[in-house]
Amino acid sequence: MLYSEKVMDHFRNPRNVGEIPDADGIGEVGNAKCGDIMKMYLKIDDGIITDVKFETFGCGSAIATSSMATELIKGKPVDEALTLTNQAVVEALDGLPAYKLHCSVLAEEAVKAAIKDYYDKNNIPYNPTDFCNQDCDHCSLEH
């Protein structure tokens, strides 16, 4: 079987779908190669992610990884959510086919983009390297 039961469950019954109109942080990322677009909304109270929602335009793996990512960060402190990796999302879904791993990277990037937006809106200082996946060609950070 190509996809695990968990992937199929999160695809068929995605958790936390929708938008948060008064979100504290919003992150939108996309992958031009595959056409997937993810938008992540965070509600944060006292440094804790109290609510998270997503809107994803993409394949089943993109929807499943978005759904799982929201489940993994909901109720967590922002600094802990910032450490979410695409590998953790893949493991929580019991794996993804190799050619779909980029979807889990998008989920990680969407979470980080939403947290960065929250930090920017609230003038919270941060380390720019926390928001770079180290192999990006769009940032000027030294790695």
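The values are calculated or read from the model by the stated rules, or taken from the named source; none is laboratory data. The shown structure was predicted, so the numbers you read here are calculated from the model rather than taken from an experiment. In this analysis, Cβ positions are derived from the backbone assuming ideal geometry, glycine residues included, and neighbour counts consider all displayed protein chains.
When the residues of the range 87-101 are narrowed to those that are modelled with pLDDT of 95 or more and surrounded by 13 or more Cβ atoms within 10 Å (Cβ to Cβ), which ends up nearest to the chain's Cα centre (by Cα)?
Among those that are modelled with pLDDT of 95 or more and surrounded by 13 or more Cβ atoms within 10 Å (Cβ to Cβ), it is Val89.
For the structure I just gave you, tell me whether Lys6 is in a strand (DSSP E or B) and either at pLDDT 95 or above or farther than 25 Å from Lys121 by Cβ (or both).
no
Determine, yes or no, whether Val89 is touching a Leu at 6+ places or on another chain (Cβ under 6 Å) and in a helix (DSSP H, G or I).
no
Say we look at the range 102-130 and pick out the residues that are of a type in the set (D, E, K, R) and touching a strand residue (DSSP E or B) at 6+ places or on another chain (Cβ under 6 Å); which of these is surrounded by the most Cβ atoms within 10 Å (Cβ to Cβ)?
Among residues in the range 102-130 that are of a type in the set (D, E, K, R) and touching a strand residue (DSSP E or B) at 6+ places or on another chain (Cβ under 6 Å), the one surrounded by the most Cβ atoms within 10 Å (Cβ to Cβ) is Glu109.
Give the residues of the range 9-24 that are without any contact (Cβ under 8 Å) to a residue 12 or more places away in the chain and aliphatic (A, V, I, L, M), sorted by residue number.
none
Taking the conditions exactly as written (within 13 Å of Ala114 (Cβ to Cβ) and out of contact with any strand residue (DSSP E or B) (no Cβ under 7 Å at 6 or more places or on another chain)), does Leu93 satisfy them or not?
No, not satisfied.
Return the residues of the range 11-25 that are assigned to a loop (DSSP other than H, G, I, E, B) and of a type in the set (Lys, Arg); say none if nothing qualifies.
Selection gives Arg15 alone.
Quick one: count up the residues across the range 28-64 that are touching a helix residue (DSSP H, G or I) at 6+ places or on another chain (Cβ under 8 Å), in a strand (DSSP E or B) and surrounded by fewer than 17 Cβ atoms within 10 Å (Cβ to Cβ).
Summing the residues that are touching a helix residue (DSSP H, G or I) at 6+ places or on another chain (Cβ under 8 Å), in a strand (DSSP E or B) and surrounded by fewer than 17 Cβ atoms within 10 Å (Cβ to Cβ) in the range 28-64 gives 4.
Go through the range 65-81 and give me each residue that's surrounded by fewer than 19 Cβ atoms within 10 Å (Cβ to Cβ) and touching a residue at least 40 places away in the same chain (Cβ under 8 Å).
Answer for the range 65-81, where residues must be surrounded by fewer than 19 Cβ atoms within 10 Å (Cβ to Cβ) and touching a residue at least 40 places away in the same chain (Cβ under 8 Å): Glu71, Lys74.
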